[in-house]
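**Q** First, the structure itself, so that you have it in front of you.
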Amino acid sequence: MDIVSILLNLLTPSVFLVVFAGVLVGIVVGAIPGLNGAIGISLLLPLTFTMEPQIGLLLLGGIYMGGMYGGSITAILINVPGDVVAAPVAMEGYPLTKQGRSKEALYYSIFSSMFGGFIGVLILILFTPPLARFALQFGPAEMFFVSLSGLIIVGALSGSILKAAFAVLLGLFISTVGVDLITGSERFTFDSIGLRAGISVVPVVLGLFCFAEMFLNIGKKPGEQVQYRDQKIARMTVIKDILRQRFLVWKSGLIGTLVGLLPGVGTTLAVFMSYGDAKRVSRRDIPFEQGNPDGIIAAESANNATVGSSMVPLLALGVPGSPTSAIIAGALVIHGIVLGPSLFVNRPDVAFTFLYGMLLTVVAMTIIGAVGIKYFSYILKIKMEYIVPTVLVFALFGAYSLRNSLFDVFIAIVLGIAGAIFKKIQVPLAPIIIGLVLGGLIETNLARAMRIAGARNMPLWEYLLATPLSKGLVALVVIMLLVVIRMRHKEKVAAKEAKNG
Amino acid sequence: MISNLILGVVTLLSSVFFYRQTTDLPERSALFPQFVLWGLAIVGVLLIFQALLAGRKGVGENEFEAHLEARAKLKETLFFQVIIPGGLLLIAYGLLLTVGFYLASAFLVFTVYSYHTYRIDAGNLNRALWGRAAIFAVVITLFMYLIFTLLLGLPAPSGALF
């Protein structure tokens, strides 16, 4: 698909409207403590059913991008991060607010998000099509290893290893419920018509993320708001300062990009790694946790860089890089679009419009973020008693609307109850979603590999490791695993050191 | 770590229960679920061991009170923030089956709004609150009807009565 057709697809009022609306919703949702981009996407999912797939995708992409930035607003203004990811921004941004420099902190946040967002989206544009072309050569053995690698990395990085393993296996188990498409036999359906169709990703995400999150928000009091006299500052002053720290921006952006590429790892690791690195290399005289802008620059650049890069494995391989991208994958099912290498062959219009359209989401985020600063304090006035019931009823509708199934609503409610319990006992929820999405891929490719190995009269493992490509993938997974375990160890050491002052 | 012990036991028992369901399946359909259920059973056993080992180590005198406090808080959270809202959602689901989505939504918004305000301060529960909750429930329901049914034409779940 040539660039002119892509631009013609993109430069329409409806695309602009959808992108700006998506980013705005994302910023508002991200700024409200207890909500995040994933919840925003789940709630607006039904709206995309009547849109063209590429426009619907851009709406969701806009929410994802805006949501990543939105979390920093409450972190800076009232020291309440909208999400864990925004905690480092709170550590540096709130002290600036107390000094009467909240506007400056918000400018640092939005312009660093912009640079990070661009880095992530550029990687998305440059790497996804070649990776998808390369992935077209993948056979069952290679796809099996790619899907398995996602699970292994998720398991290795999500809190307690045992609980992460439980979560991954639970996700895999949920993926086996329903009619087995290969043999036609029913698995764990207990003669229920609803279970025969299997359990789809969207009600699981709505249950585990929306319902569970809202349950735990019930009874939460609003954060205390104190007004500080704010000093005036020009946007260009902040942009020039960020450009002086371009090495930090690039480094943090690349950390965010690399971590975002790993399926299921999430943004938190990227943000804390970049923040820790900024702490180490910052040349400013201002101590950290007392309003050092380098902390905001690093955290926000990494944060928004993960948005683009986490979509790379989803679009190129059909493997979601985060729960948010898993929901996006679920939304596309209703349009009959299958993500993965074939997307660029079968629906290049959708794939390329989305890739380049993500640049628009960064532009929209920057404009809304830079212009809307004076209005952000209004977001803080929205009370939780209005948010919780609204999110619950929208989520009920979202769970129903994907397949017009009341059974999906029931599944979402049951998993909401389970998800709230899991959260309280520190079982990570993201690996459940990744396990559910990857379960089908792993099983299908394993079955194909077994059939081919049987036909060639060779042991399964020999077939799985027969090609240099599959051997290379195994080696890559082992290397990635070692690198992320080392990164995580370093992160733990840094956290311990920070705790000990 | 009583929660780990319970999670381990439930995981182990569930995996045994579901494994038994796979024995009648064709070999090809049973293979992957059996593999996963073996994994779950092993994780269940390890969680139980971990909890028992932690129990044998015991809790230091200084940590004992904090430990009790955390356990009481967990119980309170489970009751007020999981069982009650979960129950409200299940009631709303029952209403969804009988009176359809919009009336069930109005019920859910009204009850959750009131319950949230009650949880912040029980003294808030008065006639003014009921009024605010009712108005908010009507506004949200109308808003959803406008967006989903009138504007987008998406089908909303209908119940046995409406």
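The values are calculated or read from the model by the stated rules, or taken from the named source; none is laboratory data. What you see is a predicted model, and the numbers here were worked out from it, not measured in a lab. Cβ sites come from the backbone with ideal geometry, for glycine too, and all protein chains shown count toward neighbours.
**Q** Which condition breaks for A:Met458 when tested against (1) surrounded by 17 or more Cβ atoms within 10 Å (Cβ to Cβ); (2) more than 9 Å from chain B (Cβ to nearest Cβ)?
**A** Of (1) surrounded by 17 or more Cβ atoms within 10 Å (Cβ to Cβ); (2) more than 9 Å from chain B (Cβ to nearest Cβ), only one is false for A:Met458: (1).
**Q** Which one of A:Ala455, A:Ala399 is touching a residue at least 60 places away in the same chain (Cβ under 8 Å) and of a type in the set (Gly, Ala, Ser)?
**A** Working: A:Ala455 fails: touching a residue at least 60 places away in the same chain (Cβ under 8 Å).
Result of the check over A:Ala455, A:Ala399: A:Ala399.
**Q** Oh, and also: Go through segment A:114-136 and report how many residues are at pLDDT below 80 and either outside any helix (DSSP H, G or I) or buried (at least 23 other Cβ atoms within 10 Å of the Cβ) (or both).
**A** 1
**Q** Of all residues in segment B:63-80, count the ones that are away from every other protein chain (no Cβ under 11 Å) and under 17 Å from the mean Cα position of the chain (by Cα). Spell out how you get there, then give the answer.
**A** To start, the set of residues in segment B:63-80 that are away from every other protein chain (no Cβ under 11 Å) comprises B:63-69, B:71-72, B:79.
Add one more test, that the residue is under 17 Å from the mean Cα position of the chain (by Cα), and what stays is B:79.
The number of residues fulfilling the criteria is 1.
**Q** Hey, another quick one. Checking the condition of a type in the set (A, V, I, L, M, F, W, C), in contact with a helix residue (DSSP H, G or I) (Cβ under 6 Å, 6 or more places away or on another chain) and closer than 24 Å to A:Ile433 by Cβ, which residue from A:Ala326, A:Ala364 passes? I'd like the intermediate steps shown before the answer.
**A** Numbers: A:Ala364 fails: closer than 24 Å to A:Ile433 by Cβ.
Within the list A:Ala326, A:Ala364, the selection yields A:Ala326.
**Q** Any chance segment B:41-61 includes a residue that's within 30 Å of A:Val179 (Cβ to Cβ) and at the interface with chain A (Cβ under 7 Å from one of its Cβ atoms)? Let's see the steps before the verdict.
**A** From segment B:41-61, those within 30 Å of A:Val179 (Cβ to Cβ) are B:41-44; that's our starting set.
Still in the list and also at the interface with chain A (Cβ under 7 Å from one of its Cβ atoms): B:43.
Taking every residue of segment B:41-61 in turn, at least one turns out to be within 30 Å of A:Val179 (Cβ to Cβ) and at the interface with chain A (Cβ under 7 Å from one of its Cβ atoms).
**Q** I've got another one for you. Got a sec? Which of A:Gly66, A:Gly34, A:Gly62 is of a type in the set (Gly, Ala, Ser), outside any helix (DSSP H, G or I) and either at pLDDT 85 or above or surrounded by fewer than 20 Cβ atoms within 10 Å (Cβ to Cβ) (or both)?
**A** On the way: A:Gly66 fails: outside any helix (DSSP H, G or I); A:Gly62 fails: outside any helix (DSSP H, G or I).
Being of a type in the set (Gly, Ala, Ser), outside any helix (DSSP H, G or I) and either at pLDDT 85 or above or surrounded by fewer than 20 Cβ atoms within 10 Å (Cβ to Cβ) (or both) holds for just one of A:Gly66, A:Gly34, A:Gly62, which is A:Gly34.
**Q** Next question, about the same structure. How about segment B:104-125: which of its residues are among the charged types (D, E, K, R) and within 7 Å of chain A (Cβ to nearest Cβ)? Before you say what the answer is, go through the steps one by one.
**A** Keep residues of segment B:104-125 that are among the charged types (D, E, K, R), which gives B:119, B:121.
Listed by number, the list holds a single entry, B:Arg119.
**Q** Inspect segment A:99-106 for any residue being surrounded by fewer than 24 Cβ atoms within 10 Å (Cβ to Cβ), polar (S, T, N, Q) and touching a Phe, Trp or Tyr at 6+ places or on another chain (Cβ under 9 Å) and give the result as yes or no.
**A** Applying the first criterion (surrounded by fewer than 24 Cβ atoms within 10 Å (Cβ to Cβ)) to segment A:99-106 yields A:99-101, A:103.
With the extra rule that they be polar (S, T, N, Q), the set shrinks to A:99.
Filter once more, keeping what is touching a Phe, Trp or Tyr at 6+ places or on another chain (Cβ under 9 Å): A:99.
Within segment A:99-106, one or more residues are surrounded by fewer than 24 Cβ atoms within 10 Å (Cβ to Cβ), polar (S, T, N, Q) and touching a Phe, Trp or Tyr at 6+ places or on another chain (Cβ under 9 Å).
**Q** Consider B:Ala160 carefully, then state whether it is assigned to a helix (DSSP H, G or I), exposed (fewer than 13 other Cβ atoms within 10 Å of the Cβ) and more than 9 Å from chain A (Cβ to nearest Cβ).
**A** It is false that B:Ala160 is assigned to a helix (DSSP H, G or I), exposed (fewer than 13 other Cβ atoms within 10 Å of the Cβ) and more than 9 Å from chain A (Cβ to nearest Cβ).
**Q** Still on this structure, please answer the following. Under the condition of being buried (at least 23 other Cβ atoms within 10 Å of the Cβ) and either closer than 30 Å to A:Thr128 by Cβ or away from chain B (no Cβ under 14 Å) (or both), which residue from segment A:369-398 is modelled with the highest pLDDT?
**A** A:Gly369
**Q** If I ask for residues that are part of a helix (DSSP H, G or I) and within 7 Å of another protein chain (Cβ to nearest Cβ), which ones from segment A:171-186 would you list?
**A** Here is the first cut: in segment A:171-186, the ones part of a helix (DSSP H, G or I) are A:171-176.
Within segment A:171-186, A:Leu172, A:Phe173, A:Thr176 qualify.
**Q** To continue, here is another question. Could you give me the residue pairs with C-beta distances under 9 Å whose first residue belongs to segment B:81-92 and is closer than 14 Å to B:His116 by Cα and at the interface with another protein chain (Cβ under 7 Å from one of its Cβ atoms), whose second residue is polar (S, T, N, Q) and buried (at least 17 other Cβ atoms within 10 Å of the Cβ) wherever it lies, and which are 6+ apart or on separate chains?
**A** If the second residue must be polar (S, T, N, Q) and buried (at least 17 other Cβ atoms within 10 Å of the Cβ), the pairs left are B:Gln81/A:Asn217.
**Q** Can you name the number of the only condition in (1) loosely packed, with under 13 Cβ neighbours inside 10 Å; (2) assigned by TED's automatic domain parsing to the domain that holds B:Ser158; (3) β-branched (Val, Ile, Thr) that B:Val10 fails?
**A** Here B:Val10 meets the rest and fails (2).
**Q** Another question, then. Just need a number here: residues in segment A:426-477 that are within 30 Å of the chain's Cα centre (by Cα) and either outside any helix (DSSP H, G or I) or among the basic types (Lys, Arg) (or both).
**A** 5
**Q** Something else: Name the pairs whose Cβ atoms lie under 9 Å apart, with the first residue in segment B:1-20 and more than 9 Å from chain A (Cβ to nearest Cβ) and assigned to a helix (DSSP H, G or I), the second loosely packed, with under 15 Cβ neighbours inside 10 Å and basic (Lys, Arg), and 6 or more positions between them or separate chains?
**A** Close Cβ pairs satisfying both conditions: B:Ile2/B:Arg71.
**Q** Residues being surrounded by 24 or more Cβ atoms within 10 Å (Cβ to Cβ), aliphatic (A, V, I, L, M) and within 30 Å of A:Ala351 (Cβ to Cβ): count how many of those fall in segment A:260-315.
**A** Looking only at that region, the number is 11.
**Q** Determine which member of the set B:Gly131, B:Gly100 is more than 10 Å from every other protein chain (Cβ to nearest Cβ), of a type in the set (Gly, Ala, Ser) and surrounded by 12 or more Cβ atoms within 10 Å (Cβ to Cβ). Step through it out loud before you land on a result.
**A** Values: B:Gly131 fails: surrounded by 12 or more Cβ atoms within 10 Å (Cβ to Cβ).
The conditions single out B:Gly100.
**Q** Identify the residue in segment A:401-424 that is modelled with pLDDT under 90, at the interface with chain B (Cβ under 7 Å from one of its Cβ atoms) and over 14 Å from A:Phe215 (Cα atoms) and, among all such residues, is nearest to the chain's Cα centre (by Cα).
**A** Out of the qualifying residues, it is A:Ser401.
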